[in-house]
Amino acid sequence: MSALVIGIDPGLSGALALLTSDAVLVDIDDMPTLQDGAAGRRAINAPLLAARVRAWGAGQAYCELVGPRPGEGPVGAFGFGRSRGIIEGTLGALGVPVVMLAPAWWKRRVDIGPGADRKDEARSKAIARWPSMAQRFARKKDDGRAEAALIAVAGLARETGR
């Protein structure tokens, strides 16, 4: 049996994708969030994230490397950094190594063009790659699922040199 890896789109509207080392999509789940952040804002829920990662039993994770975005205010930047910290801390506590992949790098590896607004392109690529799972990428808001799965594909390509 192939080893299992996780791809992570770390935003609050992001997702987690479980793939085999042969890039077969096994499962996908939206990022677990609750309205329990500062001032009742939505935040990644670490216990729910840990439960999902533990249940999947993957030995490696690939996550988009996020940082402050141009024009983003301090509250948004702090929230995005907090999300990244929760993800790294959860994976570290579970002993799952994580490789951070820069957005431009992983998008090039899966043939998504440059630019910030390529969400539908990611969904289209995911549907083409995994047509039996097309319904999991059908809605506009499923772009995080598509990106998580494609981040895992790019991470696998990084490891194998393909």
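Assorted remarks:
- Other residues within the sphere of radius under 13 Å centred on the Cβ of N45, judged by their own Cβ, net out at +1 (K and R +1, D and E -1).
- This ranking places L91, L65 by how few other beta-carbon atoms lie within 10 Å of each, fewest first, which gives L65, L91.
- Aspartates and glutamates with Cα under 17 Å of K140, excluding same-chain neighbours fewer than 8 positions away: D9, D29, D30, D117, D120, E121
- Net charge of the neighbourhood of I87, taken over other residues with C-beta under 12 Å away and scored Lys/Arg +1, Asp/Glu -1, is 0.
- Over all orientations, the range 4-160 has a Cα convex hull whose mean projected area works out to 8.7 square nanometres.
- Cβ-defined net charge surrounding L12, 11 Å radius [Lys, Arg +1; Asp, Glu -1]: +1
- In this structure the amide hydrogen of L65, modeled in the peptide plane, comes within under 5 Å of the amide hydrogens of L101, A102, none closer than 5 places in sequence on its chain.
Coordinate-derived values only; no laboratory data. In this text the structure is predicted, and so the values were computed from the model without any measurement. Every residue, glycine among them, receives a Cβ derived from its backbone with ideal geometry; neighbour counts consider all protein chains shown.
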